[in-house]
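Here is the structure we will look at.
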Amino acid sequence: MNNSIAHTDMKTGGHDLRNGGQPSLPELIAAIDHEIAEVLKLQPATNPHPDRAEEQKSLGRHICVNLAGQHLALSLSTILEAGELQGVEELPLLPDWLRGITNIRGEIISVVDLGLFLGIKDKKSRTGEPFLIVRDGETKTALIVDKILGTRPLYQAATKNGNLDDHTDEAGEYHSGLATYKEGEGEKTITLFNINALISSARFRELKK
Amino acid sequence: MVDVAENEIMTDLIGEVRGYLPEMENCLLTLADDDSNDEIAGELHRMTHTIKGAASMVGLLDLGETAAVMEQALDEIIDGRRNLTPGMINAMSGTVKGISQYCDSVCRGEADEREGEKLYQEVVADFKEVTTEMTEEGGTEESAAPDLLFAGILAEGDEEDLDDIFNRLSGEEEKPADDEDDLESLFSSYDEVDDIEDDWDNLAELTELIDVDEPIAETEPFPELATDPEPTLEQTINPELLACFKEETDEHLENISIRLNGLTSTVSEEMIIDDSVREILHSIRRSVHTLKGAAAVIGIDSVAAWGHEFEDFLDWLHDDSAVLSPDIVDAMLDGADILEKIASNPDIEIKTEITGAGNLFRKFITTDTGTEPDTNKKTAPENTENQQDTDSESSTLPQECFQTAAELEETTAADDREISAIIGEPRPERRKQERQGVDTLRVDVSKIDKLIGLGGDMAINLSSFEDTMATMRSSILEFDGTLQRLKTITSNLEAGYELAAIPHLGGVTGSEEGGVTQEFDPLEMDRYSELNIMIRSLNEAVSDLDSIRDQNAGIRNSWRRTMERQQGVLDEVRNTMGQMRMTPFTSLANRLHRTTRESARATGKKVRLLIEGQSLQMDTRIWNTLADPLMHMLRNSVDHGIETNEERKQIGKPVQATIKIEAQRRGNQFVLRIADDGKGLDFSAIRKKATKLYSTMDVAGMSDNQLAGLIFRQGFSLSSKVTTMSGRGVGMDVVRHGVEQLNGTIEVKSTSGMGVTFIIRLPVSVAQFPAYFVRFGGQRFMVPMRDIFKVMRVGAAAINKDEFELDGELLPLIRPAEIMRLKNGPGKPASSVTGEEKPIVLLVDTGSRRGAIPVDELLGQREVVFKDLGTHLLNVPYISGVTIMGDGGLVPILNTDDLLNREKGVLHRVGTEVVQSRVEVQERVLSILIADDSISIRKVLANFISGQGWQPIVATDGVDAMEKIRDNEPDLIILDIEMPRMNGFEVLQSLQAQPAYREIPTLMLTSRSADKYRKKARELGARGFVNKPFKDEELIALINELA
């Protein structure tokens, strides 16, 4: 298929990807699509585990991605769909992080290489890499990430000392805190990524003028 | 209104009505005991009134009318004009029962028109019987007018009493007659509603209202209006109802406008009103009437009040006036304009206009009645005088006074016709309208657009499927080839080995088998060796494969046929969806007529607008975008183009000027010609102004046509005075911009003293336009054809300069690839990859500038559908939008204007940061062509190449490779040596022969490792040689080195 996006069946079930197993990207995408649809139905996000909420404040389900070795969590409510990058048309005189535009079911959407935008990667992403379509207000864009890890219910991190991980780079300004999730018996920490801050940043909006 | 009456609303209504019925029965029981209990009568009246309003609102008109009959009777009882007799109570009880039964039927879904009609007829008959009895029995003053109830005509002075009732019902204290002025103004809106209230009390009129399928006014907001004189309409009106009202309004205003325009062209002097004219008047009156009623229901009082006044005038014209003059038509036009204004903005302040038009109406009526004193209007003259006096005293209440005069006319003219209209005659028009309503469906344009978008997606998916089919076809062909080879091998095996393998025939001696087989007869089958058996099996397998191949080919053919059918259906669907967006020119004509009239009125000129081709259907977007430019042109024409009445007289032109708009469809073009018969363009003034404004231009040497073109420039205005209508110098460039938005062109022709003609040409499909499909610097673009005036092949030398010479004119040479900093193929200078061939140059003209754009390659001509760049990228330099190709790929559309207007060395809009980062972007993804006849090798290589972040292009043999090289201009080629049709060496030779491709680095990948092959390849221009199987690192290093 020459079309830009390889979409998967939204109805694929079994999408609990919290631990174990390495699902394929199409499976992941299907599961994520499914969850996004659920979240959109249940706005505002409801807590699937009310008992735990008593102990820790639930942040709702997030989609976790890997970007240049960093694990980031993006709120499902800002994500419209996930897919695999297929065809991107470059446009002249755009910054390197703006890869161009893509056609998603007849809709033209800009493609942003998140790693390059944040300055945490120097190599451009390739065809077949996963992306997430995010929306903030009227603006829609497709963000390319290295790997989609799955969706997880996140909880407010117990440590509130304000130190957001050990990131001191540019990416840090789009981080909105830390969260934890269960993995096996233990708990892991993940950085929350603020999509709204990204889309409303001056650099991102430069080409909207 | 019926549109919004859905089942749910209907159920609610029935529930509500049923809730009132027991209470009403109780009231009636109480009244039977105590007929003077005004409070109970008032309560009963309130409930009946509510039922009437609510039922009419949801479309149960019969129920509404039935309640209205009872309400009218209660009105008169409360009013003291009628006694509450036991017969009356019985009639009312009967009505309540009837309503109850009707509600039951509605709930069961059994209620039909006949049942409602029957209920209404029965109730009317009951009441009529009661009133007749009363008339026969009584000799009282009230009963002297037995038909009063049904004629619904109030005697003079009744109004006041009714006000009292309403005040009482709404809990208001009765206001003393000598209230202060400010109180009057406070209640001005109240008074307007009061007029409407009177309507509802007038049963004859009510029934007529219902006849045209109108809901009945709900009077509940009445007391609120009294306490809050200026409620915000947007806040108080249900948005859904408001939307419905607006749609309905548009229809009726359009009808009024069409009819009035018809009258404008036919009525050039005073003429007798014949049947055909009366029919037109009737149609106008009906529209005004319906609008008035709808506005009253919604609560837009200003429209209702003006509608009422306008309707009165139309009533007089239709029923009583014998003649129709152009002045009367003008007055009607004024009335319609006011109606349109207040309907579109109910809060608009146009009191003066309303008073002016109202006075004009009254003037016609009084003049008419003055000259025809013998008619039934003997009370009219003095009443009109009274009314005029009142007008001068209190301008806040003109409608009321006027209405009084009109009603008085009606009072004297009241006759049995009206009664029969209510009681006896069926209401055919209402039924007709109900039937018509089913034929159309209102749909939000955005939904249609969404459907069109989905249709586009389907086309893309289908095209993608088509590509897969093409791949499958080549796969089947490849399979064929392999099968043939296999067949040859099998038959060779059979011929060469099978016979030899049979011991006694082949002479395989000395083996153990040989010894054993000697014991058997040579003809016995089991003498065959295993090889024989395997060859046989192989033969069978080949034969099976052959059948499978046939079967697959059959399936493929069937898929292809299905796909073709699907394509046909999809085309049909897309066509139909496109047609849904089409609306006739009439939808715009109304506004144009109004603009012309307003401008003519403001300037005191006499102008008529003729529109031809009103039925022409075009995309709604075209009409919407054209509306402002056209209105602007009309205002310009009237204000500046057309001479004053005196001037026209002097030069012998008819005083009434004509502006003519012709709409035509010519093939794929839509042509609008706007011509006036005014003084035409003043070329000397344009020349003078242009000399002042554009010092660099050779204005003196310009022809009239060239001068005329200047009026479309920004800030060019000839008018020395600025009026509210035009002359601000922001006019014609806005017109041009509007036309360009629709990918159209505008042209002006003028002869001094003979008027001006503007010709607007637009493509029929707005979003679709023809474009050249070109390539600059390795990237594909679309250049809209409207920007190109010539395409030429020129000598290479002609484009190696900064300017291009065309018939003595020097045009700047624009190199998009350089301006946009696009990547060029290795070693290829911009825009000259065509090498020895003559390069192609597009000569562009955007109206303000001209230039020459050499292209690397002209890929053809396409009809493209414009799409913007999404919600994020609103402003990309030199790119206006994008189009989606059949395979779903995107191709940017070049903004030629931006390219021509660029300032050298300075990039528009994007900061320096972007330019620097672009250097990095230039390191684009390498595209690598793989030519190999082995499908496996192609697959492995393609995966390996995309794994490195490069772009693989695959070719199955030498000929295919040459085609792909032409189409894709790869950055590097990987060639196999042995390939069908054209081998690797031949490909190398061919590449060397074409300068355009000579520089593309080529790498041989083969299993032939002998030196002679390496040598030969090097001689033919190959830059590298890799043996199969290749080592990843080796190949990566080589590719990196070569590319």
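The values are calculated or read from the model by the stated rules, or taken from the named source; none is laboratory data. Since we're looking at a predicted model, the values are computed, not measured. Using ideal geometry, Cβ is built from the backbone for each residue, glycine included, and neighbour counts are taken over all protein chains shown. SASA here: full protein model, heavy atoms, side chains in, ligands and nucleic acids out. Shrake-Rupley method; radii C 1.70, N 1.55, O 1.52, S 1.80 Å.
What the table below lists for this structure:
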| item | result |
| --- | --- |
| Scope the range B:1003-1043; condition touching a residue at least 24 places away in the same chain (Cβ under 8 Å), open to solvent by 50 Å² or more (accessible area, probe 1.4 Å), closer than 18 Å to residue B:991 by Cβ and more than 60 Å from the chain's Cα centre (by Cα); matching residues | B:1013, B:1016 |
| The range B:728-776, subset at pLDDT 80 or above and at positive phi, residue most open to solvent (accessible area, probe 1.4 Å) | B:753 |
| For residue B:977: the one exception among (1) surrounded by fewer than 16 Cβ atoms within 10 Å (Cβ to Cβ); (2) touching a Phe, Trp or Tyr at 6+ places or on another chain (Cβ under 8 Å) | (1) |
| Residue pairs meeting the criteria (Cβ under 6 Å; at least 6 apart or on separate chains; first touching a residue at least 24 places away in the same chain (Cβ under 8 Å), in the range A:90-102; second assigned to a loop (DSSP other than H, G, I, E, B) and open to solvent by less than 10 Å² (accessible area, probe 1.4 Å)) | A:102/A:4 |
| Tally of residues being open to solvent by 60 Å² or more (accessible area, probe 1.4 Å) and of a type outside the set (Ser, Thr, Tyr) across the range B:256-267 | 2 |
| Selection within the range B:614-667 - of a type in the set (Lys, Arg) and under 23 Å from residue B:255 (Cα atoms) | B:621, B:660 |
| Filter result for residue B:239 (open to solvent by 10 Å² or more (accessible area, probe 1.4 Å) and in contact with a Ser or Thr (Cβ under 9 Å, 6 or more places away or on another chain)) | no |
| Answer from B:651, B:659 - the residue that is modelled with pLDDT of 80 or more and surrounded by fewer than 19 Cβ atoms within 10 Å (Cβ to Cβ) | B:651 |
| Count of residues meeting criterion [more than 7 Å from chain A (Cβ to nearest Cβ) and of a type in the set (A, V, I, L, M)] in the range B:881-890 | 1 |
| Number of positions in the range A:90-112 that are farther than 12 Å from residue A:140 by Cβ and touching a Ser or Thr at 6+ places or on another chain (Cβ under 7 Å) | 4 |
| Residues that are β-branched (Val, Ile, Thr) and modelled with pLDDT under 70, drawn from the range B:111-147 | B:135, B:140 |
| Residue list for the range A:87-116, filter: of a type in the set (S, T, N, Q) and more than 7 Å from chain B (Cβ to nearest Cβ) | A:102 |
| Qualifying residue in the range A:124-131 (condition: more than 11 Å from chain B (Cβ to nearest Cβ), within 21 Å of residue B:890 (Cβ to Cβ), crowded, with 21+ Cβ neighbours inside 10 Å and at pLDDT 85 or above) | yes |
| Total residues in the range B:596-624, condition in contact with a helix residue (DSSP H, G or I) (Cβ under 7 Å, 6 or more places away or on another chain), among the β-branched types (Val, Ile, Thr) and open to solvent by less than 30 Å² (accessible area, probe 1.4 Å) | 3 |
| Subset tally (residues that are within 22 Å of residue B:327 (Cβ to Cβ), in contact with a Pro (Cβ under 8 Å, 6 or more places away or on another chain) and either of a type in the set (Gly, Ala, Ser) or surrounded by 19 or more Cβ atoms within 10 Å (Cβ to Cβ) (or both)) for the range B:268-308 | 1 |
